[in-house]
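The block underneath contains the structure these notes are about, expressed in structure tokens.
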Amino acid sequence: MAKPTTSLRTYALTRLALVLPMLWILLTLVFFMMRVAPGDPVTAALGGRLPEQELQQRRHAAGYDKPLIVQYVDYLGNVARLNFGTTITDDRPVTDVIIENGSATLELTFWAMVVALSVGIGLGLLAGRLRDSGADVSIRMFGIVVYAMPAFFLGFLAQLLFGERLGWLPTSGRASPEVQFLLPTHTHLYLIDAIIYGDWATFKDVVLHLILPAATLGLIIAGVLIRLVRVNVLQTMKGDYIEAARARGIDEKSVVYRHAFKNALVPVVTVLGLQVALLMSGAVLTETTFNWPGIGFELVRYLNNRDYIAVQGIITFFALIVIFISLLIDFVNAWIDPRVRY
Amino acid sequence: MRTRTSRGLRLFVLAAAVVALAAGCGSSSGSSSGGSGGGGGNSDATIIMGTTDTAIHFDPANAYDLHSWNIIYNVYDELMTIPPGGNKPVPSLATSCGWDDPKTYTCHLRSGVKFQNGDPLTSKDVEFSFQRSIVINGDQGACYLFSSLATCGKWKGNEISTPDPQTVTFHLTQPDATWPFILATGAAAIVPSSVYPATKLQPDDQPIGTGPYKLVKYQPGVQTVLERNDAYWGTPAKNARVLIQYYKDTPSLKLAIQGGDVDIAFRNLTPTDISSLRGQSGLQVVEGQGIEIRYLVFNVKLPPSDQLAVRRSIAYLIDRQSIAHNVYNDTVQPLYSMVPAGLFGHIDSYKTEYGATPNPDLAKKELTDAGINTPVPITIWWTPTHYGGGSADEYTEIKRELEGSGLFKVTLKSEEWDQYAVDRGKDIFPAFQLGWFPDYPDADDYSAYFYPNGGFWNGHYDNPQIDKAIDQEKASTDPSVREAAFAKIQTLAAKDAPTIPIWQGKQIAVVRDGVSGVQETFDPAYIFRFWLISKT
């Protein structure tokens, strides 16, 4: 007799319970990796100016020489209270960094996803439909190249071509310096703020600044999607229900567009969730290349300054997002597919 | 379900269309990428400066980096200042300052000066400013510059007296001729006692000073905006607003100045960038005197640097002109003393001792006379990014020069700054790269931190004659006494070569046509005086 499967509720609760150890392992890793890495905020800032004794005094006064276990317990206690602390180097509450710079990343990643979906699904469907044709080979090649190309390299090429050579698009920042100054920030999402501001010149300036970074990051994600969508189209085209549709005399266009493509996209939705982590790591590189003041950009800056508190806070935030999205995808999967149970 | 999927696809298509539309907008208007409106005459202009520097703090109690100090110089005032083109302090918020005796320094304040919040400046504000800097003792601050006044973190209460609202007297613990210079640094900026917390830092987006600009916006890592202080007590700024735009790296900054996004690119374009921008239409490269230096330090406890002949032999072999020209495209100049050219008291002591160009014969003689077998193996340490991207080429060139003589076998080793800054104090580097940026434009800043007690870098070199000369120059306000003391320090140091000066940097900015005043602010004080910049 087959063992009865557990309920969806049990699965969801178990999956939820697993989040805590996952988060704890991640936080612990981040904490100790930051401490094992050489340097501290005082040395990073003043190591070339002060005698060693003076540096040590300052490290002591700031508490950087406290026993690791004490620092670790303090850290976990603060995270448990959702208190990410205040950055060491510039005294900003980490929550402010997450809100202000996170909004810039959200704006970038949203539009990058739009580009990724438009290009990835569009070209993937086309390649699947035109299997083994010249177009299929070109699209596959394109997918491999954009996926394999590092974000900073693709971004740099785009800057050279569209910024320096052609002069069509701005190459850095979220807006021109004066627009950035004058634009009132309500949501920290510049496109929305520009709409609220009601100034179309400002809106246009923001859109122009968004194109290259969003396209760069989006194309990299699109590289994965192209191949995934193509494979799914090929598989669905072999499905019995497609044969049946053809046998019933439904015209080929309807078979492909209404039956095959629609079903080919179902697994893509699941994979999209997993792309969030890729999107986040890609955002760090893209933001650095395009001087985009997102959370990845700040992460690099704080890493360079050995600002433990800021780095820990930002990475914890990244981790929470990835864990939340993974959880969501698992729930959706389990809901759709009854075989997915513990 | 069908409807939902179709709607989703339509959304994607719509989104793609928006992107395409935006791209279309870009192509049609891209040629007007100048970006900055500015507009109007000089006094209404907005100046946009791009930089890869980052701001740390705008509270004088916790700032000790060039960019933060430059914002402080423009928002606050100090009792003394270095005037444009000068290298000696003159009264600023004070009308006069002078020595009552070698340990007592009195300043009389300018009357009618108000802070940007409307409060009048009094001597109590001056006392409060120094007291809070010393009490707060910020871990990224420059409190130790006030060591002649008090020990950081400890305020006894008798360090400063304020007999009336317009008079301030500093009671130093030891004679210190550099005190007027220290009063001109960003660390000595005056803050309002009615607003600033006595034991905590003021938020960086709310600085209040008496300076020519008010800070109106600060987005860390993105932008700082200054607007002219119309109630300023001095000559008003030549522009209405300054936008400082922060760039992560030099390629972005270079593209920004080329594309017209910024009017001025100041720090830190690479020598290659500067060469490629030189002569481009619409741009000018402005150069000025700089006193930032790079040098090689020997740990005189570790072999082979513990042998005088080895250090002197290396001093004979280093070709500074080749480094300045081939590595840095002449954006730096050869340095023949630890005190850079342009400062009072500078002499080319290494040129006198070892010549302007390499001399392999005398280098060999030093080693032969000392009975040292050649080639001498030596490990030289350097750090890849902290002192600029040219460091790798610079030290490869030094290795080439030393090995080219047949007298040395050089092993180059490098570490990133975070580890390097820790290891340099641990007696494991026999020879290593360092650099120095001035706190104040006086030769004392290039002597007092370098030689007593083995130098701040822990190189163990000790010369009582140099220590005595430093005491003399610190204690005397007589220029001739100080000049003689500095000459002695430089001459003795050149003979013993505990360090080898290599180059001193120039201040370089790239500006767009129509921008003027940058040249006027480039002097050894390293104060970027935005109030002098104008744009047509």
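None of the figures in this text is laboratory data; all of them are computed from the coordinates on show. Quick caveat, the model's predicted, so the values are computed rather than measured. No Cβ is skipped: glycine too gets one built from the backbone with ideal geometry, and neighbour counts run over all protein chains shown.
Partner shielding of B:147-156 amounts to 1, given as the average count of beta-carbon atoms from other chains within 10 Å of each residue beta-carbon. Taking the longest Cα principal axis of chain A as reference, the axis of helix A:308-336 is set at about 20 degrees. Scaled to the globular estimate 2.2 N^0.38 Å, the Cα spread of the stretch A:5-149, given as radius of gyration, is 1.66. With each label modelled as a point 7 angstrom along the Cα→C-beta vector, the A:T187-B:Q465 pair spans 7.4 nm. A simple rule links phi to the HN-Hα coupling: the Karplus curve 6.51 cos²θ - 1.76 cosθ + 1.60 with θ = phi - 60°, which for the stretch B:344-351 gives 4, x, 5, 9, 7, 5, 6, 5 Hz, with x for Gly and Pro.
Computed over the alpha-carbon pairs of chain A, the distance histogram in 10 Å steps reads 5, 19, 24, 25, 17, 7, 2, 1, 0 percent, short to long.
Less than 5 angstrom separates the built amide H of B:Q166 from those of B:S123, all sequence-distant by 5 or more or on a different chain. Exposure proxy ranking for A:L130, A:L169, based on other Cβ atoms within 10 angstrom of each Cβ and starting from the fewest, stands as A:L130, A:L169. Averaged over residues, the count of other Cβ atoms within 10 Å places the peptides B:477-483, B:305-311, A:289-295, B:200-206 in the sequence A:289-295, B:305-311, B:200-206, B:477-483, highest first. By the Cα gyration tensor, the protein assembly as shown has an equivalent ellipsoid whose semi-axes, rounded to whole angstrom, run 55, 32, 28 from largest to smallest. In this label model, A:F110 and A:V269 are separated by 2.1 nm, measuring between points 7 Å along each Cα→Cβ vector.
Ordering B:69-78, A:252-261, A:228-237 by mean Cβ neighbour count within 10 Å, with the highest value first, yields B:69-78, A:228-237, A:252-261. Note on B:241-247: average number of Cβ atoms from other chains within 10 Å of each residue's Cβ is 3. Hey, if you put +1 on the Cβ of every Lys and Arg and -1 on every Asp and Glu Cβ in the protein assembly as shown, which of A:I25, A:Y147, B:P479 ends up farthest toward the positive end of that dipole? Projecting each Cα onto the dipole axis, the largest value belongs to A:Y147. Of A:T286, B:T104, the sequence from fewest to most neighbouring Cβ atoms within 10 angstrom is B:T104, A:T286. Label separation (B:S281 vs B:L492): 6.0 nm, computed from points 7 Å beyond Cα along the C-beta direction. Note on the stretch A:61-107: with charges restricted to the Cβ of Lys and Arg (+1) and Asp and Glu (-1), its dipole about the Cα centre is near 240 debye.
Would you report the distance distribution of C-alpha pairs in the stretch B:402-488 as whole percents per 10 angstrom bin, up to the bin with the largest distance? Calculated P(r), rounded to whole percents: 14, 35, 29, 19, 4. Towards the positive end of the charge dipole of the stretch B:96-145, with charges on Cβ (+1 Lys, Arg; -1 Asp, Glu), say which of B:F115, B:G141, B:S129 has the farthest Cα. So the residue we want is B:F115.
Net charge dipole, chain B: roughly 1620 debye, given to the nearest 20, about the Cα centre with Cβ charges of +1 for Lys and Arg and -1 for Asp and Glu. In this structure, A:L20 and B:T411 have a Cβ-Cβ separation that, at R0 = 56 Å, corresponds to a calculated FRET efficiency of about 0.65. Phi angles of the stretch B:49-61 translate, via the Karplus equation with coefficients 6.51, -1.76, 1.60 and θ = phi - 60°, into HN-Hα couplings of 10, x, 8, 9, 5, 10, 8, 9, 8, 9, 8, x, 6 Hz per residue; Gly and Pro are given as x. Where Rh is the Kirkwood radius over the Cα pairs of the stretch B:298-450, the temperature 10 °C and the viscosity 1.306 mPa s, what D in µm²/s does Stokes-Einstein return? Here the translational diffusion coefficient equals 97 µm²/s. A simple packing score, the average count of other Cβ atoms within 10 Å per residue, orders the peptides B:361-367, B:415-421, B:97-103 as B:415-421, B:361-367, B:97-103, with the highest score first. Measuring r between the beta carbons of A:V137 and A:L166 and using R0 = 35 Å, the FRET efficiency lands at 0.75. Counting Cβ atoms of other protein chains within 10 Å of each residue's Cβ and taking the mean over peptide A:32-44 gives 3. Counting beta carbons within 10 Å around each of A:F331, B:F486 and listing the fewest first gives the order A:F331, B:F486. Between B:K365 and B:S476, the FRET efficiency from the beta-carbon distance, with R0 = 45 Å, is close to 0.70. For the stretch B:301-344, place one equal point scatterer on every Cα, skip the solvent, and apply the Debye formula. What is log10 of I(q)/I(0) at q = 0.17 Å⁻¹? Log-scaled intensity ratios, in q order: -0.65.
Eigenvalues of the alpha-carbon gyration tensor of chain B, scaled by 5 and square-rooted, set the equivalent ellipsoid semi-axes at 41, 35, 21 angstrom, largest first. Between the Cα long axis of helix A:295-304 and the first principal axis of chain A there is an angle of about 40°, rounded to the nearest 10. Diffusion of the stretch A:185-342 by Stokes-Einstein, at 37 °C in a medium of 0.692 mPa s and with Rh set to the Kirkwood radius over alpha-carbon pairs, works out to 171 µm²/s. Taking every C-alpha pair closer than 8 Å and separated by at least 6 residues, the mean separation divided by the residue count of the stretch A:78-214 gives a relative contact order of 25 percent. Dividing the helix sum by the residues of chain A, where each DSSP H run of 4 or more adds -39500 (n - 2.57), gives a mean residue ellipticity at 222 nm of -24000 deg cm²/dmol. Sequentially through the stretch B:468-475, phi angles give Karplus couplings (6.51, -1.76, 1.60; θ = phi - 60°) of 5, 5, 5, 4, 5, 5, 5, 7 Hz, Gly and Pro residues having no value and appearing as x. Within the stretch B:48-191, the percentage of alpha carbon pairs spaced more than 27 angstrom apart rounds to 16%.
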